[in-house]
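Structure first, commentary second.
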Amino acid sequence: MGDWKTITVPALSSASKIPYQNTSEKKMSPSSLNMQQVLRSPLPLSKSMHSFFSAFCTEENVEQSISYLNRELTTLGFPSLYSECKDKELNVVSVLNCMNELLVLQRKNLRAQEEVEIQHLKLGSDMDHLQNCYAKVKEQLETSRREIVGLQERDRQQQCKNRNLHQLLKNEKDEVQKLQNIIASRATQYNHDMKRKEREYNKLKERLHQLVMNKKDKKIAMDVLNYVGRVDGKRGAWRTGKTEARNEEEMYKVLLGGYEQRQKQLLVENAELKKVLQQMKKEMISLLPPQKQKPKERAEDGIGPVLSDMEEDAVELNKENMWELSCETVREQLTNSIRKQWRMLKNHVEKLDNQVSRAHSGALNGSDVISREDHELETEKLELEIQQCKEMIKTQQQLLQQQLMSPCDDDTSMLLQDCYLLEERERLQEEWKLFREQKKNFERERRSFTEAAIRLGLERKAFEEDRGAWLKQQFLSMTSDHKNSEHVKTQSAYSGSSDPDNQLMNFRSRQKKPHCLPSVPPSEELCQTIQHIPHNSNSSVVLNKTTEDSKPKQWKGLNKAETE
Amino acid sequence: MNFSEVFKLSSLLCKFSPDGRYLASCVQYRLIVRDVNNLQILQLYTCLDQIQYIEWSSDSLFILCAMYKRGIVQVWSLEQPDWHCKIDEGSAGLVASCWSPDGRHILNTTEFYLRITVWSLCTKSVSYIKYPKACQHGIAFTKDGRYMALAERRDCKDFISLFVCSDWQLLRHFDTETQDLSGIEWAPNGCVLAVWDTCLEYKILLYSLDGRLLSTYSAYEWSLGIKSVAWSPSSQFLAIGSYDEKVRILNHVTWKKITEFEHPATIANPKIIVYKEMEKSPRVETESLAFPPARAQASALFSTQSKYDISQVPVSLQYIKPVADRANPRIGIGMLAFSPDNCFLATKNDNIPNAIWIWDVQKLKLFVVLEQLYAVQLFQWDPRQPRLAICTGNSKVYLWSPAGCVSVQVPMEGDFQVLSLCWHSSGDSMALLTKDNFCMCYLEREEVK
């Protein structure tokens, strides 16, 4: 055995490469069996290895042992230990190959085992976690169920209450109805009684009248020294049909006078209102010279041009004798034109509003492109504007207050103005708020961008490092011996296929790899592995079958095992 | 502000003549006529019994003195002191007497409202009007004195009769859609007659001079209704005070409600000025407060002064909860009056008896609230300008104008509890009446502005 040590493993491994692959190709047994073996294998490995070994082979039974091993190995698909040409001669090369093979297998098995253990642990923890989760969710379910029950109960109670209230309401309504009926009946009763009483009273009055008035009461008299003259100095006229007619006439005169006066007042009022309307119209026209054309051109409603024609007529008319004419046509024209102007004004204002909103939305959309400087500039500008507006509002308010202080006659118009100012101010404030929000959004976006940039830089750096290391490795491997280069190649193949996410990890594993893979395990361990090959022979297949994703982790596991 | 000396008076009977030259006052059965300027007694008439009512004729030449208990009216002439006239209603009795607008006829209402007798001072003719309605405001004359409206009741139905005052000819006679009419009032322009129903129903009807129904207004049902009614001097507005503590104002074009003035006990609007009368006793205020029975003495010894403070809103006014199960509850708008220039309306809510609300009619808003220490007895507008005189049954008289308000102590010996007041037609002076005294109060013109 001491002689075996001297043989260098790298040479062995390179030689045994092909046969090993062959065996692995050949042996495609069901994975379940492999798994079992893999799971079982670690137990005897660590324990009484030496004693078992010594018991197996002694001086006497070397031959048997070798033959036994040969048999065993051949059954497992290894090449025979004996040289093919001469019988019963131990082929040291094949033995060593087998041992190496076995060792590799062992190592793989160990790795797999580690892997599986970790997986097991992970699964266990996952399981725990899931169980916890399950318990929690169950609890939640329970609580929510309870809640639902509670809510249902409450709902039921509320419904009950509602029903009761409805009942109460109905009762109250009935009560009200009843009371109203009672009131009505009482009222009728009262009226009836009153009438009866009054009739009696009237009868009594009549009787009293007869008694008192008709018996020529001497006392009822006027005692006057001498009759005085009438206020107007005239004598009282006789009552005739003429006087009656005259009285009627007088009355109607009075009435007519009253109505005339009222008509005059109304005329004055009307004229003033008309003046106001006219003025308003003029102002509107002067306010909207460009807009006036558009509705005409648009002609979405066919009456547009007709109306305007009419309006022009009206304008001509107005110039002549607007105030004298209070007839229907003029009034209609005036109101129509005013209405039209008003509609135009409204449209204009709406359009302006739309423009404003569109500009706003445009600003929102283009926000991604706007640089920060522009943004800040804009904010500053707007702030300044707002400040100005505020100041203006303040001064206006002051002016208004002053005006209010001085005895004013037109309170309502003042109020309206006030209203408009307030409205404007509110709108400005709203705009300001919107603006602030926008600004905040920009800030947030900017931050996220910088973060992403930082991350990218980091990643790039890592990648650069990675590449440098890899290049160095490549270079080194090119210069160094073949076995190393081969290992590195397999490694690089990994890195080529792996996700960018695992780059860092790969990078790390590769950093460690150069000094860990080539280093040959000590002879004792080698022996142990050889001894275990029979148990783990199938595990190579498992390893080959493991997914690409888990490979970095395998490496890690291997490293760990080796450091141990 | 100056005050005259105190004169004797009974039954609060003190009246200025319409031309503003004389002042008639009664002491028991004596009628005293004074010159307004120097208060010299011009005439002194002696009646047959204690006088219960006096009234000047429109031309200020005659005064009628009614003695309801004896059913007698005595008329005196200012020009001919020895001229006399006595009207005896005999066994029919007498409950009311008044001049016709021409000052030559006297309308006497007999007991039980059997009839109204129209006595003429010019001729021997006597007219009777049957079936007058027994109500407070049953007779109304137009301001120009041409027409008289009279509420009548026949066969359990209400009627209105319109008479021409010059010859007492019936002009119109129409029935009204009222349950139990309780008052009528002409608009100052004499073209519209407001007729309102009994307090059991909120209903007011407006009739034209020719008897056409112009409009009917009813604010609500099933509750006590109208308590007081007042026309604005321009006839533009009709203010209706009701038991629901609100004043509703109707306009003269559509006769629809323009606005509604509420009279809540708390005033929160900071735009409203609330004047609160504060008592400030010179020295021993606790004692004067501690012995209210000795008020006469106290006021004689150290006359408590009062002034108006502007209260900070919100203000809660002193509120009396009316007894709900009694008839004629002390609730609702019992008094309301427009200022002569139409600009203000003064109202009093009977369950907040210490306060007077003054409304700005142009803005249709509450303008000022005056909170007095005692219940308001009477308020009356200056006939010439927006100035309101108020008395609260104590020895002070209060004046409000848009410029502010003042409380004036009447500088009289003893207790001088002003129960009533009446303005002179010039607005320069007024008579302050107590239970058995009166004095004149002169206002300087400069003070007004």
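The values are calculated or read from the model by the stated rules, or taken from the named source; none is laboratory data. Because the structure is a prediction, the values reported are computed rather than measured. Heads up, the Cβs are rebuilt from the backbone with ideal geometry, glycines too, and the neighbour counts pull from every protein chain shown. All accessible areas refer to the heavy atoms of the entire protein, side chains included, with ligands and DNA or RNA removed. Shrake-Rupley method; radii C 1.70, N 1.55, O 1.52, S 1.80 Å.
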Relative contact order of the range B:48-103, pairs being alpha-carbon contacts under 8 Å that are 6 or more residues apart, as % = 34 percent
Which value, in debye to the nearest 20, describes the size of the charge dipole of the range B:219-262 about its Cα centre when Lys and Arg Cβ atoms bear +1, Asp and Glu Cβ atoms bear -1, and nothing else is charged?
-> 180 debye
Which Rg and Dmax, in Å, describe the Cα atoms of chain B?
-> 22.8, 67
Accessible surface of B:Ile72 - all protein chains present, 1.4 Å probe, nearest 10 Å² = 10 Å²
Which net charge results when you count Lys and Arg as +1 and Asp and Glu as -1 among the other residues whose beta-carbon is under 9 Å from that of B:Tyr113?
-> +3
Expected sort for B:316-325, A:169-178 on mean C-beta neighbours within 10 Å, highest first, is B:316-325, A:169-178
Extended-chain gain in nm, criterion 0.36 nm per residue less alpha-carbon gap, A:Asn270 and A:Asp223 = 11.0 nm
Averaged across the residues of B:318-326, what count of C-beta atoms belonging to other chains lies within 10 Å of each residue's C-beta?
-> 0
Quick one: ranking B:Cys26, B:Cys122 by accessible area, 1.4 Å probe, largest first, what do you get?
-> B:Cys122, B:Cys26
Averaged over A:204-213, number of beta-carbon atoms from partner chains that fall within 10 Å | 4
Using a 10 Å cut-off on Cβ to Cβ distances, tally the other chain neighbours for every residue of B:146-154 and report the average as a whole number.
-> 1
Which pairs, out of B:Lys130/B:Lys203; B:Lys143/B:Lys365; B:Lys69/B:Lys227; A:Lys197/B:Lys133; B:Lys15/B:Lys307; B:Lys15/B:Lys435, put more than 20 Å between their alpha-carbon atoms?
-> B:Lys130/B:Lys203; B:Lys143/B:Lys365; B:Lys69/B:Lys227; B:Lys15/B:Lys307
Using 1/(1 + (r/R0)^6) with R0 = 35 angstrom and r between the beta carbons of A:Arg246 and B:Arg154, what's the FRET efficiency to the nearest 0.05?
-> 0.80
Sorted peptide list for A:436-446, B:14-24, criterion being average Cβ within 10 angstrom, highest first = B:14-24, A:436-446
Provide the gained length on full extension for the span A:Val62 to A:Gln401, in nm with one decimal, where the gain is 0.36 nm per separating residue minus the Cα-Cα distance.
-> 109.8 nm
Determine the gain in length on full extension of the stretch B:Arg212-B:Val323; use 0.36 nm per residue of separation and subtract their C-alpha separation, reporting nm with one decimal.
-> 35.9 nm
Rounded to a whole number, what is D in µm²/s for the range B:17-65 from Stokes-Einstein with the Kirkwood radius over alpha-carbon pairs (25 °C, 0.890 mPa s)?
-> 225 µm²/s
Ratio to report: Rg/Rh of the range A:129-183, with Cα atoms as the point set and Rh obtained by the Kirkwood method; give two decimals.
-> 1.57
log10 I(q)/I(0) for the range B:1-159, Debye formula on C-alpha points only (no solvent), q = 0.12, 0.15 Å⁻¹, two decimals, reads -0.55, -0.83
Restricted to pairs 8 or more residues apart or on different chains, the lysines in the range A:100-184 with C-alpha atoms under 30 Å apart form a number of pairs equal to 7
FRET efficiency for A:Glu373 and A:Leu471, Cβ-Cβ distance as r, R0 = 41 Å, nearest 0.05?
-> 0.45
In Å² (nearest 100), what accessible area is buried between A and B, both sides summed, heavy protein atoms only, 1.4 Å probe?
-> 4600 Å²
Would you mind getting the Kirkwood hydrodynamic radius of the range B:96-221 from its Cα pairs, rounded to one decimal in Å?
-> 14.8 Å
Build a GNM of chain B with springs between Cα atoms under 10 Å: which of B:Ala337, B:Ala92, B:Ala431 gets the top mean-square fluctuation?
-> B:Ala92
Between A:Lys197 and A:Lys173, take the C-beta separation as r, use R0 = 30 Å, and let me know the FRET efficiency to the nearest 0.05.
-> 0.30
